[in-house]
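These notes are about the structure you will find just below.
Where a number appears in this text, it was derived from the coordinates with a stated rule and is not lab data. Keep in mind that this is a model prediction, so the values were computed, not measured. Virtual Cβ from ideal backbone geometry, glycine too; neighbours counted across all protein chains shown.
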Amino acid sequence: MSELYPNDEKTSLLQLKNDDQKAFEHLYQLYSSRIYGKILKLTKSEIIAGELLQDTFVKVWEKRQLINEEFPFKAWLYRVAENEVYMFYRKLARDRKLQEYIIETFEESHSPTEGNFLLKESNELLHRAVKMLPQQCRQVFTLCRIEGRSYEETGSLLGISPSTVSNHLVKAGKSIRNYILESGREHISLILPFFYLQFSLFC
């Protein structure tokens, strides 16, 4: 199905804001396949992508009154989808049951050898991501997240304040997270939680 002309889209969005379910279904049919593709690219899992696609459009319906029909809907929808992926990984990093579900799904279709390969790949990916950080940012991440030093101790060793250490960790976490997401790894939905749990990339 081709994209709506701007005026047609605006009309559909206005109808959606007036609780028109047919307008919602029309927008779903128009954009769901490309949103699914974007989510699939970030998760590398058809099951997870399908679930997050539904979550994305549930969010659209819940926030329909807040939609600005003067703003490109596709761009807004992409941001909603990206946020759903972000929140999924954040929950995955903290939810043991969800981790077990993802791991069980992986184990059902992969051998122990592939599991060992995944662990090795995770370590290699982290090494490359950390290596790409600016020097001081890399030093802070190594001291705090890998060696387990406190903010105060790290700051003392590098001659910077604890607040600067915190700022570097936030930048490092974002940079590493983006590097991993853009790496195109097949099992990204398993690799990311490993990093989040071990290195607090959401600090």
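Could you list, in sequence order, the residues of the range 128-137 that are in a helix (DSSP H, G or I) and either without any contact (Cβ under 8 Å) to a residue 40 or more places away in the chain or touching a Cys at 6+ places or on another chain (Cβ under 6 Å) (or both)?
Listed by number, the residues that qualify are LYS131, GLN135, GLN136, CYS137.
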| said: Just to verify a result, which residue in the range 51-79, among those that are more than 17 Å from the chain's Cα centre (by Cα) and β-branched (Val, Ile, Thr), is surrounded by the fewest Cβ atoms within 10 Å (Cβ to Cβ)? | reply: VAL58
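Going through the range 138-166 one residue at a time, which ones are hydrophobic (A, V, I, L, M, F, W, C), surrounded by fewer than 19 Cβ atoms within 10 Å (Cβ to Cβ) and part of a helix (DSSP H, G or I)? Can you show your working first?
Here is the first cut: in the range 138-166, the residues hydrophobic (A, V, I, L, M, F, W, C) are 140-141, 143-144, 146, 157-158, 160, 165.
Next cut, surrounded by fewer than 19 Cβ atoms within 10 Å (Cβ to Cβ) only: 146, 157-158, 160.
Answer for the range 138-166, where residues must be hydrophobic (A, V, I, L, M, F, W, C), surrounded by fewer than 19 Cβ atoms within 10 Å (Cβ to Cβ) and part of a helix (DSSP H, G or I): ILE146, LEU157, LEU158.
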